[in-house]
Structure formats: structure tokens, C-alpha cells
Amino acid sequence: MTSDDKGPHATGENGDAQNSDPLASVISAEVERNDPLSQAVEPMREDVRFLGGILGDTVREQAGEEAFDLVESARQTAFAVRRSEVDRSATFDVLSGISPQHAIDVIRAFSLFALLANIAEDLHAERRRAFHIARGEPPRDGDLARTWEKIEDSGDSEAGWAVLRRTARVVPVITAHPTETRRRSVFHITRHITELMRERDRLDSGSAERAEIELDIRRQVLLLWDTAIIRSQRPRIEDEILTGLQYHEATLIDVIPRLNREIADRLDTERAVVRPGSWIGGDRDGNPYVTGEVVGFATSRAAAVIQNYYDEQLEQLENELSLSGRLVEVSGELIALADDLVSRGDDEAARRDVPYRRAVRSVRRKLAARSAAHSIAGARVPVDHMGRAIGSDSDPAYERPEDMQADLQVIADSLDAVGAGIVADARLSTLQWALRTFGFHLQALDMRQNSETHEEVLAELFAVAGVTDDYASLDEAERVEVLLRELSYDRPLLGARAELSERCEKELGVLRAAARAVDAFGEGVIPHYIVSMCQSVSDLLEPAILLKEVGLLRGAPDAPRSEVRLIPLLETIEDLAAGADILRDYLAHEPMRRLVASQGNLQEIMLGYSDSNKDGGYLAANWSLYQGELELVALGEELGVDLRFFHGRGGSVGRGGGNSYEAILSQPPGAVRGALRITEQGEVLSAKYSEPGRARRNLEALVAATIESSVLNVEGLGDGAEAAYDVMADLSRRGRDAYGSLVHEDPGFIEYFTTSTPLSEIGELNIGSRPTSRKQTNTVDDLRAIPWVLSWSQSRVMLPGWFGMGTALSDWLDDGGPGSAPGDRSARLAQLRRLYATWPFFRTTLSNMAQVMAKADMGLAGQYASLVADESTRSRVFSRILSEFELTRDVLLEITEQSSLLDDNPTLARSVRNRFPYLEPLNVLQVELLRRFRAGDDDPLIRTGIQLTMNGLATALRNSG
């Protein structure tokens, strides 16, 4: 197909007959018709035509002409629907009688097109960025260069630098909540296609080299077609661990040290500001498969990844440092390091003249000895240029990263002394920054468990140890008394032969494995212990007892110390409101205050976006987070404690997603202070970190926003802050009431939700090791946030990202409230417009909502509603959703003074416009297959087809869960 309204052999826009390229050429037609900057996006259009053409050829060759014709018919009809030329039922008419096998062929074709379209869009973003740089355009927001300019222009740069030198820390934390359903093999194929497309872009059209590249791309697309997109079995946690580590191997190990070096040069420090973290293998909240063995696997494999990187770099450094001892004067320290070990099998006479190579070889041997000492599975055996293993069983091993750093510094200092500093400033310097960044552990593995589990485990431990027979029956004051008393004893609770339940043994097994990891890889490997559903002081003290039991908390009774920070996770709206009181009471106890003081006087708090949103809706959740942070910041200042917030954001707006740079800038005053941790998950991981250029830009944006929020006054409210806060509090109350009246109070809502979305089928989609529900879903509270959001995304309602907002804004405009401008509706509208223009929090809240609403489709949502058997429930609930959506859209456009939802984001607008017709067949087939499946069709292909539609939609939407 060469256009959306011409046959498969039509003439192209350049007058040449083109090959059939389903799923491709409509992009070019639609862009030319709608985009005033069509020439600027011509390279992207060409990439999409090229990739779509290859995919079309592959579909015809592999699936046959009939499947190809179905794909083409569905595509043409979907575009006709989008142009309002035919009714939406037309797409259903095309696909309603489709056989299961042909349904899978069509689903795979459109799903893979979404994957290839993502590649084309990402490459175009790279191309445009390079174009702007080549033209000498000034740096943009989110670039560190722009951030440095802003600080210099503020006139307070010296004070700002001083703060940042002391506190700067940015930690992206990879989590194992994948709505990214792709397998690692698909990840590697798409990365290869990206690299090939990038190379193709550099070659002349018609050249033999380009033809060979294009042939290789065809091979990769064929492999993609013949590779199962989704898993046949639910992944093990070990699979998730390896999936997380692939982002380190693909980009982060190379990108982060270089970024850290640039930041440090600007701040005049040697601190590594960006450090990666992970939950994968340490987060056991609701995941019964996390065990001590899993913790050992996670930490050991991460250590192997970074150890292999170090040895690879050292091997290359050894080859590069060919400086002759006859030509340069070498320092005594360098000679000592070079002669430190006698290499078995080496020709020492031949190597005597290259002391730098011998010094690097010494470093490699000590590193290898460390691997052997700790039995690091997967660590490479270092070899020389002849492929012979180097090292000896008697070689001393590095104990700490600082020891290896000292040896590397000896080499760097010697190079500098002989006038070869430019050599030290290349690979060696990058290696030193990698060591500062990753240590011997690569990433910080967070531990997380639910407070209920801690209570149950301690109740058993206390009973076995004779502390108290029924800990669970104690009230809060009595629990705190028991816990503080136990912390004052510098002895374990259990004897060597204590017999415990399987559950208790498992929990202690996880913590013992964590302690072993700290012994093997250093204190940075397990630095955080997060307490889910933390609602009281005892909830924070209970894991302290468990840490003490395994030796991770120790010291004199009146001065406990631990490298592991206890972190409360405030998840629900009520927990966020109570957070400051909980922390105040916790720090009022002297042992805990001293523990925090021993940890640099820094207390971290994690903020949960998902459950607060599911609890009270989009607006109430966002304001509860903002207000909770304000109260905690004030408490920290009162007590003289530094606070660091850990933002548990998902990929979707309903789970705290959206533009990270803008989200950080929209934090309350004082909430960032140079330090920030933030979760990264789902499709966001692939979108942000699968390619080095994108990884660099996204990490740079996190750092830029963190620095700006710490040093500059970005809130923009001034003396009007209290009035703005009053307005938001009133809007939040109204939004929560509107949301709750449907989600928590409508008696048919659960039936509507569970039957109009593929919720139950998500449980069969092998996207993660964690169960989708905490228990049988009878209320929204029982459901985990990810399937809650993913279900609404699949049905194109996107309810968690907007519902209740329209009612709140409209009602407030009509009757006002605390903090509202006096006068009529026009005065209040002007007030909201001022807040939108000046307050990053309000602007970001509305902007994120507009983005998620732009991805919604009430026409398709109505088709999903038809799956609800009870007509009364179906009509009532869908009517409420539809009317609230229209109200929200209208009032949003009124406040922002825009003509469409994405006026302020033309790039996303173009992406939505171009790709959404390709989502239509996926949604239509999902509804059709769900209907058949629920009617009792037990054809395995039906179930597979449903799972494939979920994958395709998640891929195309890019931030659906």
C-alpha cells in the first residue's frame, strides 16, 4: 500500500511505482496532509515507509496473500474511520468473522509495526537533536548546559554549587513491574535494527554498503516475525533480574560514568552523582517467589556484569599503555605496582620494558582474585593477548573498590608525571569514574516488604524467644515499648537451633542473604529497606529488629548503626496525610534519632503514586503527594534532619508517569535539595534506556531538573502560595468525591470494570512474576495498581489519569471555594489560567492529564462496554465515564486556552495522529477475541491472540502501565 486511499500498486508521491508497503505509506500521507513541518519530518516518513514496506513483504511471504489482504483491508478501514468516512462498526465488520490464525497474523503485523514505528520516531528525535546542535542553537530545558546557564544567571551560583557538592545524588531505580511484555530476544533484535537503521542513515542512497545494510534489516525483520513476541510461560524472577541487567550492559555502564565525570567537573567534586538502583530480586512485597537464593542471584549477577566490564576495559587499557620504560621516566609507585605480582606464564623479560602494561596486569589479577574469592557466577576469566588465563590462586584480592581505585590512581599519576595526562584522561579516567559509580556491586538493590509481614514474623520470633506470647494483640504504645527494649539489647533473639515456620525462615533467609551480599560486595549493595503500608512507628521499628537479627544493624544499644536506611513507603492518601506525624514520632525516640544521625543525618521517605491514585483519583493523589511533601519538608527543617524523597512513579500518568523533567520541577519548595530517587519501569525502561543517546538524554534531564529544583526558585507562586494551596485543596476534595462516587460507591462498578476490560486475562499474560491481585478482586483496594492501570489503558478509557478532574474544575468555576477569586466565573477562570501559567505543579498536572486523555478513545471504550452483560450497569457506568471525559476535556481546553489536547506537545500530537489508526485493529480484535473467549471458545489461539493484542497496544501506547 502506498497511501491510505489508494490500491496496493498505486503510484507514489514521487511518480515512481512503489512496492506494497502496508502499515507504512499512510504515515507519509497523513503527515503531509496535517503537519505544517512536513519537510522536517521527511526522514522519519522515509524510515517508516522503508520499515513498513519490509514488514509488509514479510507478512505476505510468511503468512500468505490472504493474511496480507486482511491486514491491508483492516488498515484502510481504520483510516476511513479516523477520517469519519465510515462508521466505527466498519472495522468490526471487516474483522468479526476472522479465523483465530488469521487474527493472530493481523495482530502480529500491527504490533510489529508499532515496534518499528517506535524505532523510526526515536531515530528521528536523534536526528532532530543533532540538527539543532549543528545549527548552534542554544541548549534546551532538560540539557545540563541550559541548567548551568540558569544557575549562573540566578546570581546565586556559589551558594548553589556548595549545596550541590554536598547533597547531589540522582538514582533511577529499575523495578520489576513490567507492562513491557517483550522478551529479551525481541529487545536485542530491535536494538540491532536500530543500529542498522542508524548506519543506513549515514550511507549514500544506492551505494553497495547501504544495500547490504538494508538486506540485513530485512533479515532482522524476518527474525522478528518468526520470534515469539510474548513468553509462553510466566517469567521467573531470575528472568526479570537478567532483563533489568540488560539495560546496564546495553547503555548504563557506558553512559553514567561519563555523565558523572562531566557533572563533577562542573561542581568541582569527585562524588558520583548518578547511581543506579534496582528492586528486582529484593522487592518481596506480595511476591512469594523472592527468596534468599534470589537475593544471592541478583547481587552476584550484577557483580559479575560490572566485574566483566572492568576486566574488558583493563584488558584494552593494557594493550593501549605501551609506553616504554626506556623512553619515559616511571614513578617508583608505578614500578612497585608493576612488580607487585609475578605473572605465571608471562615472558617477564619481554614485558620488562612496558611497566604500565605490567601495572594494569597486576590490577586485573587482583580483580580476578576477588571474583574467585567470592565465587561470582558469570564473571569472566581474564586472559592475556594469547588467550591464556592470567593470575594465580595465591594472588591477593581487592577487598574494597577504594583499593582498586588507589592502584588506578597510581597509574594515572605516573602518566601525568611523564606528560601523558591526555592518555590518562581517556579510558583510564572513565574506568575510575565507573568504579566510583558502580563499586563492586553495580547497583543498589532495595529490600521491600509489607508491614503486615513484619508483624507476623516478629510475633513468631518474640514468642519463640520468650519476649511476648502475643505481640499481635498489643496496642501501638505497647508494641513500641517492646521493640525499643529489644533494640537496646545487643544480642540476637534466636539460638542456633530455633525451630521456625516456613514463612519465618524464608523472611530471615532473605535478610541473611542480604547480609552476605554486603559482606561480599560492600555496603552499597543493600542500602535501603522499604516498609510498604507504613502507618505507624512500630511499622518502622519492626524491620529494625529483623536487621539486627542478621547483623545489618549493630553497635552499642545507645548508638545503633547500620548502612541500611529504614524507609517508610506512604502509599494511600491517608498515609500521605499522616506521614509527617509518623516520622516525628519515630525520630522522637533517641535510638532512632541516633541511627539517622549515623547515616549522615539523612532520612529517606518513599512516596507511592499508584495506590494513592487508585484510592482517591488523579487530582486528589497528586495534591496529597504535594501537600504531604510540604509537611515533611517543614518537619525536616524543624528537626534539623535532611530528607530525601523516593518517588515511586510508574510509566502511566495514572501511576505518576509523564515527563520526568517537568515532574521534578513541579515538586514543592525544599522537596528535592539536590537528591532524588525515582522508579523506572514498564515500557518506560525500553523507551528511555535501550539506546545510549536516549539513556544519556533522559539521565541528563533527571539531573538537570534535580539541580534546578534544588538551587532555583521554580515554584513561581511567591506570596500567592497559600491562596493557590487553598484552591488545590478544594479542587482535590471535589475530585476525590467525584471519583469515589463511581469507583467506590457505584454498586455495579466492579462488575463493569472486570468485564469491560481484559483484567482477568492480564493475569494470564506472562509479564511478571508477581501476582496481579493481593487476593480475590471484590473491591478496587484488592487490586494491584499495575493491572488496574493497564486494564483501563487496554480498553482506551485511561480512567486513572483523568476521572473526577472535570467535575472538580467545573464545579469550582461555577461556585468557587476557599482561595478562589471573588466575582463571577470569569474571574475564577482567570485565576486558574494564572496558576496554569505560573505554577509548575498545576501546569504539569493538567499537561499530563491532556496527554493521557489524548490517548483515550471513547468510541473504542464503548465497544469494550458492550462486553458488560447487564445492560443497566453497562449504560449507567459508561454514560458517567463518557460525560466526565467530555466535561474534563472541555474545561481543560478552556483553562489552557488551547484548541486541542496536545497543542503544547506537537511531537506527541503527530505521534498520536499517525499511529492511532494502527491501534484500531488491535482494539477491535481484542474485543472480538474477548467475546469469543468468555463465551467458552477454548481454542488456544484465542487466548494467544488476546495476549498478543495486549502486547501490541502496550508497545504502541508506550506508557500504558
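Taking the numbered list (1) modelled with pLDDT under 95; (2) under 25 Å from D611 (Cβ atoms); (3) surrounded by fewer than 16 Cβ atoms within 10 Å (Cβ to Cβ) in turn, M533 passes all entries but (3).
Screening S300, S322 for residues that are assigned to a loop (DSSP other than H, G, I, E, B) and closer than 21 Å to R364 by Cα leaves exactly one candidate, S322.
Given the options D446, D475, name the one that is in contact with a strand residue (DSSP E or B) (Cβ under 7 Å, 6 or more places away or on another chain) and among the acidic types (D, E). Full working, then the answer.
Working: D475 fails: in contact with a strand residue (DSSP E or B) (Cβ under 7 Å, 6 or more places away or on another chain).
Testing whether each residue is in contact with a strand residue (DSSP E or B) (Cβ under 7 Å, 6 or more places away or on another chain) and among the acidic types (D, E) leaves just D446.
Determine whether R915 is surrounded by 15 or more Cβ atoms within 10 Å (Cβ to Cβ) and more than 30 Å from the chain's Cα centre (by Cα). First the steps, then the outcome.
Details: surrounded by 15 or more Cβ atoms within 10 Å (Cβ to Cβ): yes; more than 30 Å from the chain's Cα centre (by Cα): no.
No: the conditions fail for R915.
With region 1-105 as the region, which helices (runs of 4 or more DSSP H) entirely inside it contain at least 3 residues that are under 36 Å from the mean Cα position of the chain (by Cα), at pLDDT 60 or above and buried (at least 22 other Cβ atoms within 10 Å of the Cβ)?
On the way: elements: 25-34, 42-63, 65-82, 89-95.
Ranges flagged: 42-63, 65-82.
Please go through (1) assigned to a loop (DSSP other than H, G, I, E, B); (2) polar (S, T, N, Q); (3) modelled with pLDDT of 90 or more for S879 and return the number of the only condition it doesn't satisfy. Here S879 meets the rest and fails (1).
Conditions (1) outside the structural domain of A729 (by TED's automatic domain parsing); (2) aliphatic (A, V, I, L, M); (3) within 29 Å of M853 (Cα to Cα); (4) part of a strand (DSSP E or B), marked per residue:
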{"residue": "A559", "(1), (2), (3), (4)": "yes, yes, no, no"}
{"residue": "A578", "(1), (2), (3), (4)": "yes, yes, no, no"}
{"residue": "Y586", "(1), (2), (3), (4)": "yes, no, no, no"}
{"residue": "V596", "(1), (2), (3), (4)": "yes, yes, no, no"}
{"residue": "L619", "(1), (2), (3), (4)": "yes, yes, yes, no"}
{"residue": "N622", "(1), (2), (3), (4)": "yes, no, yes, no"}
{"residue": "L625", "(1), (2), (3), (4)": "yes, yes, yes, no"}
{"residue": "E629", "(1), (2), (3), (4)": "yes, no, yes, no"}
{"residue": "E638", "(1), (2), (3), (4)": "yes, no, no, no"}
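Please work out which residue is farthest from M606 (Cα to Cα), limiting yourself to region 253-285 and to residues that are in contact with a strand residue (DSSP E or B) (Cβ under 7 Å, 6 or more places away or on another chain) and small (G, A, S). I'd like the intermediate steps shown before the answer.
Quick first cut of region 253-285, residues in contact with a strand residue (DSSP E or B) (Cβ under 7 Å, 6 or more places away or on another chain) only: 256, 259-260, 273-285.
So of that shortlist, the ones also small (G, A, S) come out as 277-278, 281-282.
Values: G277: 14, S278: 14, G281: 19, G282: 16 Å.
Here the answer is G281.
For beta carbons closer than 6 Å, sequence separation of 6+ or different chains, a first residue in region 229-247 that is surrounded by fewer than 21 Cβ atoms within 10 Å (Cβ to Cβ) and a second that is modelled with pLDDT of 90 or more, the qualifying pairs are E238/F297.
Would you point out which residue out of S732, S760, S756 is buried (at least 20 other Cβ atoms within 10 Å of the Cβ) and over 21 Å from A621 (Cβ atoms)?
Values: S732 fails: over 21 Å from A621 (Cβ atoms); S760 fails: buried (at least 20 other Cβ atoms within 10 Å of the Cβ).
Being buried (at least 20 other Cβ atoms within 10 Å of the Cβ) and over 21 Å from A621 (Cβ atoms) holds for just one of S732, S760, S756, which is S756.
So, A80, is that one farther than 30 Å from I229 by Cβ and hydrophobic (A, V, I, L, M, F, W, C) or not? The answer is no for A80. The number of residues in region 375-411 that are at pLDDT 90 or above and within 36 Å of the chain's Cα centre (by Cα) comes to 13.
Search region 161-192 for residues being polar (S, T, N, Q) and under 20 Å from V703 (Cα atoms), and hand back the single one that is modelled with the highest pLDDT.
T175
For region 303-330, the candidate set comprises residues that are within 38 Å of the chain's Cα centre (by Cα) and hydroxyl-bearing (S, T, Y); within that set, the residue that is farthest from R370 (Cα to Cα) is Y309. Here the condition is being assigned to a loop (DSSP other than H, G, I, E, B), in contact (Cβ under 8 Å) with a residue 24 or more places away in the chain and within 22 Å of R554 (Cβ to Cβ); of L493, L484, it holds for L493 alone. The criterion of being modelled with pLDDT of 90 or more, surrounded by 22 or more Cβ atoms within 10 Å (Cβ to Cβ) and outside any loop (DSSP other than H, G, I, E, B) does not hold for G740. Each residue in region 560-592 was checked for being among the basic types (K, R) and surrounded by 16 or more Cβ atoms within 10 Å (Cβ to Cβ), and 1 pass.
Being in contact with a strand residue (DSSP E or B) (Cβ under 7 Å, 6 or more places away or on another chain) and in contact (Cβ under 8 Å) with a residue 60 or more places away in the chain narrows it down to one residue among L569, L607; which is it?
Of the residues listed, the single one that is in contact with a strand residue (DSSP E or B) (Cβ under 7 Å, 6 or more places away or on another chain) and in contact (Cβ under 8 Å) with a residue 60 or more places away in the chain is L569.
R497 - would you say it is closer than 17 Å to G281 by Cβ, of a type outside the set (V, I, T) and not assigned by TED's automatic domain parsing to the domain that holds R400? No. Out of the residues in region 182-228 meeting the condition of being surrounded by 18 or more Cβ atoms within 10 Å (Cβ to Cβ) and outside any helix (DSSP H, G or I), tell me which one is nearest to the chain's Cα centre (by Cα). Checking each candidate, the answer is R182. Listed by first and then second residue, the pairs with beta-carbon distance under 8 Å, at least 6 apart or on different chains, first residue in region 688-702 and assigned by TED's automatic domain parsing to the domain that holds A264, second in a loop (DSSP other than H, G, I, E, B) and of a type in the set (G, A, S), are R697/G142; E700/G142; A701/G142.
Counting residues in region 260-267 that are outside any loop (DSSP other than H, G, I, E, B), among the basic types (K, R) and closer than 14 Å to F438 by Cα gives one or more. Among the conditions (1) modelled with pLDDT of 95 or more; (2) in contact with a His (Cβ under 8 Å, 6 or more places away or on another chain), L552 misses just one, which is (2).
Taking the listed residues S362, S371, S331, S414, the one that is touching a helix residue (DSSP H, G or I) at 6+ places or on another chain (Cβ under 6 Å) and under 21 Å from R261 (Cβ atoms) is S414, with no other qualifying.
Can you pull out every residue in region 688-715 that is part of a loop (DSSP other than H, G, I, E, B) and more than 18 Å from the chain's Cα centre (by Cα)? Spell out how you get there, then give the answer.
Initially, region 688-715 is screened for residues part of a loop (DSSP other than H, G, I, E, B), giving 690-691, 712-715.
Matches in region 688-715: L712, N713, V714, E715.
The values are calculated or read from the model by the stated rules, or taken from the named source; none is laboratory data. Computed from a prediction, not measured in an experiment: that's the story for all the values here. Neighbour counts run over all protein chains shown; Cβ positions are idealised from the backbone, glycine included.
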